[in-house]
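Taking it in order: structure first as structure tokens, then the write-up.
The values are calculated or read from the model by the stated rules, or taken from the named source; none is laboratory data. Bear in mind that the values here come from a model prediction, so they are computed numbers and not experimental data. Quick reminder, even Gly has a Cβ in these numbers, built from the backbone with ideal geometry, and neighbours come from all protein chains shown. Note: accessible area is taken over every heavy atom of the protein model, side chains too, but ligands, DNA and RNA are not part of it. Shrake-Rupley method; radii C 1.70, N 1.55, O 1.52, S 1.80 Å.
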Amino acid sequence: METLQLEQAIEAHFAAGAAASSDPAAMAAFLELRDALEQGVVRSASPDPQSPTGWRVNAWVKKGILLGFRLGALHDLTGAGLSFVDKHTYPVRLFTAEDGVRVVPGGSSIRAGAYVARGVVCMPPMYINAGAWVDEGTMVDSHALVGSCAQIGRRVHLSAAAQIGGVLEPINASPVIIEDDAMVGGNCGVYEGTIVRSGAVLAPGTILTRGTPVFDLVKGKTLRATPESPLIIPEKAVVVPGSRAIGSGKGHPNAQSWGLSLYAPVIVKYRDEKTDLSTTLEDLLR
């Protein structure tokens with residue numbers, strides 16, 4: 001069916017609540033949505049130049065993903081001597097060479113309902129959850145997680161143990177978005193709808209959340225999320241983990257005597273030719 005018809009069907013079956021569990025039409029609509037997600041025809045968040053953040057959340061798609069959990073029954077998915085039990089509506093995706101996705105042996109999983117474009121490299125063990133979008137030329141390195149509905153752009157490197165948070169509820173909440181050509185270092189964590197703009201670099205160990213202020217040393221300002229907007233890392237910003245002293249006048253009388261400081265991500269520069277030269281190895285590894 002057309003996308004608008006699919007949206008209307010998903011909205012209706014989601015609103016039906018528990019009654020949808022016994023409705024074959026609900027399952028048919030969900031399976032069509034799951035296929036559309038895997039093919040990249042629909043996505044949980046889409047670029048939108050008219051939006052203040054440049055992105056639009058497609059709440060109906062997230063409702064459809066949740067509908068799949070509601071409709072799913074626990075099935076034995078055991079294979080190769082390993083035991084797995086999960087909702088039958090979200091099996092592990094299987095790939096062929098024709099898909100053009102490089103999934104290296106060693107314990108990686110990509111759930112049904114995730115879009116993984118041609119040229120993506122998956123290094124074991126890694127995991128991509130339902131509703132996620134991973135675009136062309138991206139590398140998902142060992143122990144990396146792409147959470148449900150997270151949006152990963154083209155030629156992104158998610159380094160070892162990078163954690164990209166997912167979100168299904170609340171329905172209107174924006175997922176984490178990593179735009180084209182960004183680099184996410186090892187053991188980074190990006191959560192709660194944070195947007196990392198094109199070409200930005202997160203040094204290893206950087207943690208970004210909705211409540212995390214980011215200190216831009218280059219431009220002399222502090223970046224924060226607002227009630228209307230998530231935390232946004234600017235284009236080509238280079239962010240490193242830092243710290244800031246706790247002032248004694250802010251309700252922490254022992255802070256100075258104990259020499260305490262708090263974690264603070266810091267923008268130390270904006271990406272230039274020298275920074276780009278250091279990423280040449282990325283292309284060689286692909």
Problem set entry | Members of the stretch 193-204 found to be touching a Gly at 6+ places or on another chain (Cβ under 9 Å) and either under 10 Å from residue 239 (Cα atoms) or without any contact (Cβ under 8 Å) to a residue 12 or more places away in the chain (or both), listed by number | 201, 202, 203, 204
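For (1) touching a Cys at 6+ places or on another chain (Cβ under 7 Å); (2) in a loop (DSSP other than H, G, I, E, B), each residue gets a yes or a no:
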site: 171; (1), (2): no, yes
site: 175; (1), (2): yes, yes
site: 186; (1), (2): no, yes
site: 192; (1), (2): no, yes
site: 212; (1), (2): no, yes
site: 215; (1), (2): no, no
site: 222; (1), (2): no, no
site: 227; (1), (2): no, yes
Seminar exercise, completed: Considering the stretch 51-77, residues that are surrounded by fewer than 15 Cβ atoms within 10 Å (Cβ to Cβ) and out of contact with any strand residue (DSSP E or B) (no Cβ under 8 Å at 6 or more places or on another chain), and then whichever is nearest to residue 92 (Cα to Cα), we arrive at 51
For this session: Answer yes or no: is there a residue in the stretch 147-157 that is in a loop (DSSP other than H, G, I, E, B), among the aliphatic types (A, V, I, L, M), surrounded by 17 or more Cβ atoms within 10 Å (Cβ to Cβ) and touching a residue at least 60 places away in the same chain (Cβ under 8 Å).
Result: no
Exercise. Which residue pairs have Cβ atoms under 9 Å apart, sit 6 or more places apart or on different chains, and have a first residue in the stretch 260-271 that is under 13 Å from residue 242 (Cα atoms) and a second that is among the charged types (D, E, K, R) and surrounded by 17 or more Cβ atoms within 10 Å (Cβ to Cβ)?
Worked result: 266/216; 267/216
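For the stretch 247-259, check the following and say yes or no: at least one residue is of a type in the set (Ser, Thr, Tyr) and either in contact with a Lys or Arg (Cβ under 7 Å, 6 or more places away or on another chain) or open to solvent by 60 Å² or more (accessible area, probe 1.4 Å) (or both). Show your work before the answer.
Residues of the stretch 247-259 that are of a type in the set (Ser, Thr, Tyr), as a first pass: 248, 257.
Now drop any that are not either in contact with a Lys or Arg (Cβ under 7 Å, 6 or more places away or on another chain) or open to solvent by 60 Å² or more (accessible area, probe 1.4 Å) (or both), which leaves 257.
There is at least one residue in the stretch 247-259 that is of a type in the set (Ser, Thr, Tyr) and either in contact with a Lys or Arg (Cβ under 7 Å, 6 or more places away or on another chain) or open to solvent by 60 Å² or more (accessible area, probe 1.4 Å) (or both).
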Exercise. Within the stretch 1-44, how many residues turn out to be among the polar types (S, T, N, Q) and closer than 15 Å to residue 131 by Cβ?
Worked result: 2
Problem set entry | Test set (1) buried (at least 18 other Cβ atoms within 10 Å of the Cβ); (2) of a type outside the set (Phe, Trp, Tyr); (3) outside any strand (DSSP E or B) - residue 125 fails condition number | (1)
